[in-house]
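Heads up: the structure comes next, in structure tokens.
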Amino acid sequence: MPDLPLQNESVIPTPPVQERVTSRDLAEAEADAERTERAAREAVAVALRTVMSGSVETSARRRAEYSTDASNYRVVPEVVAYPASADELASAAEMVRELGLPLTVRGGGTSTAGNSIGPGVVLDTSRHLDTVLEVDAEAATARVQPGVVMSALQKVAAPHGLRFGPDPSTQNRATLGGMIGNNACGPHAVAYGRTVDNVVSLDVLDGRGRRYVAGAGDPEFPQVPGLAELVRDNLALIRTEFGRFGRQVSGYSLEHLLPENGSDLAKALVGTEGTAVTVLEATVRLVPVPSRPTLVVLGYPDMPTAADDVPALLPLGALAIEGLDARLVDVVRRAKGDAAVPELPAGAGWLMIEVAGATADDAMESAQRIVEASSSTATAVYPAGPEATAMWQIRADGAGLGGRTPAGEQAWPCWEDSAVPPEKLGPYLRDLNALMARYGVDGLMFGHFGDGCIHLRIDVPLEESGSVLRTFVTEAATLVGSYGGSLSGEHGDGRARSELLPLMYSDEAIRLMEQFKALFDPDEVLNPGVVVHPRPVDADLRRPLAHTVLSKAPAGARGQSKVTGHTGFSFAHDHGDLTQAVHRCVGVGKCRADSTAAGGSCARRTSRRRTRRT
């Protein structure tokens, strides 16, 4: 008879012998995982090559190139591909949908919100889909492929005395597809409206695999079953929360679906950031090229005071009303010399106001009316010429120059695109400046003051984590919401702002946007994590993962400078850190622009643009 345990005596099982896991075992497991991932990527590439002739790439270098844009974020895709035609783009998108993989369609890659990056497959339209298909001068319209660079369309339309109205500062590398995705605007939106106001129709493929031409005029929306009912059931909600002012770009622009707005499905899809449809072709409206443009510059003691003057100037027919911080101009002087900056009226901030007229005298009369209506006592007027061109170049370079604070610290696009109704801009800027002062952060302010839209990169600390970014943008979103404003005025929400939408919209409006997306992309394969069911604003940040790489070398190291104590570059303006120096590139994409006309060159091949005109 076996011995039994005594009372209160427990039976303790003998633990199994565990094998020791060595570093070699871990390395082999990591290598096996990498081989599996590589095989999976190649399987996707093989599938895509069956439906497209354009290049399909899975190399680590190519995937790294497409892992970021001009935003704070980094998401590495599995595959990057370059469709050679609209049909190939549709076939590739459909293949990705069938495989159940995330899909992001990308143009110039200049997004500051992180909406041109994503996991899964990235399809780049800028390499091959760059044709202006038609310019109809009589109808003042153009048909374009999504990869057409905006300045290329301007060049083709110019002989007809026409142009595309919205003109963001990145116009010589931004594509029309990206502008449609973000609802881009630019300085001249005061006169010509946003991209959405200049879109006639869109040839699209949605997340269900349906291809159709989206236009206006049919309140039944037959291409999208369930949409008419969704609109009818939410008329009051759409009328009260969407389209409240011109630069309300955040969220979906559902106001265009209303019957009083023409039941315009094409316009409702503009600004959806690639989350509802893939744009295969677009028909856009063109406007006459203005004659005799003349620039008025008004000086003010600060930027909020300049903003206070905007409502009085808006009725005077200006083509553009831009705000410019004097400290940004100082950066230009330091970088390019005094000759790069014309003589300016006194002030710590300026309004740049463009007017036009049938004759030079008419333009000067319009300029004088602007001067008389303003409260500024320091003014200058520049007819078309080198001084006006230099001022516009300073404004165009703002996105890149604003990447550093006046003290030389790295500034980030964490709150760079907010907008409020123009009549509220001055008070909003004072409160925003107070918020920045409380956080001890700084940035160079500029933007489209005539539309109430502000561009501002801020030196929030991102080297270690995104915790300060999260708290700052949450307070800033609450602030802009208190003014009836928008988190974004033209760049979209992306990864930078989508999580904050509940601070701007009601719960009912958020659910309505979710229902809208589900009608087009129920499986959420199109640009997931953006607008609907968003990624956290502090997820996928690239800077905290970039480790310090000091150029300082041990004493006596070969090649060490006796003066600086460094080997190679010393990076004196970046605290001796190669990583900080690398992040001087803010992703503005100027290196992608075709600069050959100015005698420059570019490492990127400038794609041939083919045009057919009528």
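The values are calculated or read from the model by the stated rules, or taken from the named source; none is laboratory data. A quick note: this is a predicted structure, and the numbers were derived from the prediction, not measured. Note that each Cβ is placed from the backbone with ideal geometry, even for glycine, and that neighbours are counted across all protein chains shown. Keep in mind that these areas ignore ligands, DNA and RNA; they rest on the heavy atoms of the full protein, side chains included. Shrake-Rupley method; radii C 1.70, N 1.55, O 1.52, S 1.80 Å.
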Here are some residues: Val224, Val190. Which one is among the aliphatic types (A, V, I, L, M), open to solvent by 10 Å² or more (accessible area, probe 1.4 Å) and in contact (Cβ under 8 Å) with a residue 24 or more places away in the chain? Val190
Leading residue by the ranking (farthest from Ala137 (Cα to Cα)) among those in the stretch 261-272 that are open to solvent by less than 10 Å² (accessible area, probe 1.4 Å) and within 23 Å of the chain's Cα centre (by Cα): Thr272
What's the number of the condition Glu322 fails, among (1) in a loop (DSSP other than H, G, I, E, B); (2) under 24 Å from the mean Cα position of the chain (by Cα)? (1)
The condition of being in a loop (DSSP other than H, G, I, E, B), out of contact with any strand residue (DSSP E or B) (no Cβ under 9 Å at 6 or more places or on another chain) and free of Cβ contacts under 8 Å to residues at least 24 places away in the same chain holds, among Arg61, Arg24, Arg20, only for Arg20
Starting from the stretch 160-173, keep only residues that are free of Cβ contacts under 8 Å to residues at least 40 places away in the same chain and open to solvent by less than 30 Å² (accessible area, probe 1.4 Å), then list their pairs with residues that are of a type outside the set (A, V, I, L, M) and not in a loop (DSSP other than H, G, I, E, B) whose Cβ atoms are within a distance under 6 Å, requiring at least 6 positions of separation or different chains. Pro166/Thr195
Note on the stretch 528-550: residues out of contact with any Pro (no Cβ under 7 Å at 6 or more places or on another chain), buried (at least 19 other Cβ atoms within 10 Å of the Cβ) and over 13 Å from Ala113 (Cα atoms) are Val532, Arg543
Would you confirm, using the coordinates I've provided, whether Gly274 is at pLDDT below 95 and either part of a loop (DSSP other than H, G, I, E, B) or touching a Pro at 6+ places or on another chain (Cβ under 9 Å) (or both)? no
List, please: which pairs have Cβ atoms under 7 Å, are six or more places apart or on different chains, and start with a residue in the stretch 351-380 that is within 19 Å of Phe446 (Cα to Cα) and of a type in the set (A, V, I, L, M) and end with one that is modelled with pLDDT of 95 or more and part of a helix (DSSP H, G or I)? Leu351/Ala306; Leu351/Phe449; Ile353/Leu313; Ile353/Ile370
Go through Trp415, Trp392 for me and flag whichever is of a type in the set (Phe, Trp, Tyr), in a helix (DSSP H, G or I) and closer than 24 Å to Asp167 by Cβ. Trp392
Testing Phe520 on (1) in contact with a Ser or Thr (Cβ under 9 Å, 6 or more places away or on another chain); (2) touching a residue at least 60 places away in the same chain (Cβ under 8 Å); (3) over 20 Å from Val224 (Cα atoms), one condition comes back false. Which one is that? (3)
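This table checks each residue for (1) small (Gly, Ala, Ser); (2) surrounded by 11 or more Cβ atoms within 10 Å (Cβ to Cβ); (3) modelled with pLDDT of 95 or more.
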{"position": "Glu34", "(1), (2), (3)": "no, no, no"}
{"position": "Glu37", "(1), (2), (3)": "no, yes, no"}
{"position": "Tyr73", "(1), (2), (3)": "no, yes, yes"}
{"position": "Pro102", "(1), (2), (3)": "no, yes, yes"}
{"position": "Thr112", "(1), (2), (3)": "no, yes, no"}
